[in-house]
Amino acid sequence: MMFFFRTSSLFLVCFCLCLSSCKQDSNAEKNSLFLFLLTRVWIPSPGTSFQIQFSGTLDESVNVEVFDIDSDLTDSDPTVIQRLHSAGKRVICYIDVGSYEDYRSDASKFPSEVLGNVYAGFPDERWLDIRRMDLLFPIFSARFDKAKAQGCDGIDPDNVNGYQNDTGFPLSAWDQIRFNRWISDLAHIRGMSVGLKNDPEQISDLIWYFDWSVTESCYDGGWCDLEEAFPNKGSAVFQIEYVENGTTKNDFCSQSISLHFTGLLKNQSLDAYRESCP
């Protein structure tokens, strides 16, 4: 694990926060990159061990450097992050930024005009109109403020590839890039690192805005090689493959190790079960 520090100042952070909430134009994109370069964050290095668990009682005994947990876990267990930190762990907090989940405590705050099609396979989720950052800003700012207050070291933002899906909105690749950079800003201005999740086709446009990567089923999908840019720049790729796809450790671990990824075999429920590479 490594720690990467960028010099920052309160003035610059506040200045860039204002820019992030404004209309995204070419100048704002430059300021986004400027913010990234000036922010101090933690970055996990290639090979950093991790566990991801979103369901069931969290198994805190797993001998890893990083835990990826649902950000709402602290609602029922307020001291969980403090305990993990006391044990020398870093904590990544999961936040869904690309879809609406009707079971979240802030679900009523999403305006109807940003709610799109139902997310296939998840009837309690709907895609968001990520172009409406003006409407999403107060909701996600509050979520990221909460994550910072909880002690999250990094953010695992999900569903940042809506432009490739049937969202109900005419989202372009550029809409997605702008939104993803904006999400990066929301984490960095709060001193938290942020990962790029399942958006391999846009890595070349986003590599310097994101600090590490989370992949799901890149082996089964045949796109793991697209993630090499992260270990090449000295940051981790947390690779998750799923039992339900018929995948075993013998299938993907050799490739994962050769690419300098941290590979895990998990159940899709993301319970405590894990098999790690090697």
Can you list the residues, at least 5 places off or on another chain, whose amide H is less than 5 Å from the amide H of Val214, using H built in the peptide plane?
-> Leu196, Lys197, Asn198, Phe238
Going by C-beta contacts inside 10 Å, put Val80, Val91 in order with the fewest on the left.
-> Val80, Val91
Proxy exposure order for Glu113, Glu65, Glu201 (fewest C-beta within 10 Å first) is Glu113, Glu201, Glu65
Cα gyration tensor shape for segment 128-238, rounded if a/c is under 1.5, else prolate or oblate = oblate
Per-residue HN-Hα couplings for segment 87-99, Karplus 6.51 cos²θ - 1.76 cosθ + 1.60 at θ = phi - 60°, whole Hz, x for Gly and Pro?
-> 8, x, 9, 9, 10, 9, 10, 6, 9, 7, 10, x, 9
Between Ser61 and Gln164, 0.36 nm times their residue separation minus their Cα-Cα distance comes to what?
-> 33.3 nm
Hull surface divided by four, with the convex hull built on the Cα atoms of the chain: how many nm²?
-> 13.6 nm²
Report the residue, chosen from Asn180, Asn267, Asn198, that carries the largest GNM mean-square fluctuation when the chain is represented by alpha-carbon nodes joined by springs under 10 Å.
-> Asn267
Rounded to whole Hz and in sequence order, give me ³J(HN,Hα) for segment 114-126 from the Karplus expression 6.51 cos²θ - 1.76 cosθ + 1.60, θ = phi - 60°, writing x for Gly and Pro.
-> 9, 8, x, 5, 5, 6, 3, x, 9, x, 9, 10, 9
Segment 43-61 to segment 88-157: how many Å between their Cα centroids?
-> 21 Å
Among 244-251, 232-239, what's the highest-first ranking by average C-beta atoms within 10 angstrom per residue?
-> 232-239, 244-251
Entries of Lys89/Lys146; Lys109/Lys146; Lys146/Lys249; Lys89/Lys249 with Cα pairs more than 27 Å apart = Lys146/Lys249
Counting sequence-distant residues (5 or more places) and residues on other chains, those with an amide H built under 5 Å from that of Ser71 are Tyr94
Pick from Val160, Val243, Val114: which residue has the top mean-square fluctuation in a GNM of the chain where Cα pairs under 10 Å get a spring?
-> Val243
Take the chain, connect every pair of alpha-carbon atoms lying under 10 Å apart with a spring to form a Gaussian network, then pick out the residue of Leu135, Leu264, Leu186 with the largest mean-square fluctuation.
-> Leu135
Quick one: Karplus J couplings for segment 131-144, per residue in order, coefficients 6.51, -1.76, 1.60, θ = phi - 60°, nearest Hz, x for Gly and Pro?
-> 6, 8, 5, 5, 7, 7, 3, x, 5, 6, 4, 5, 5, 6
Compute the FRET efficiency between Phe137 and Trp174 as 1/(1 + (r/R0)^6), taking r as their Cβ-Cβ distance and R0 = 30 Å, and round to the nearest 0.05.
-> 0.95
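All of the numbers you see were taken from the coordinates with simple rules; none came from a lab. Since the structure is predicted, the reported quantities are computational estimates derived from the model, not experimental observations. Please note: Cβ atoms are built from the backbone with ideal geometry, for glycine as well, and neighbour counts cover all protein chains shown.
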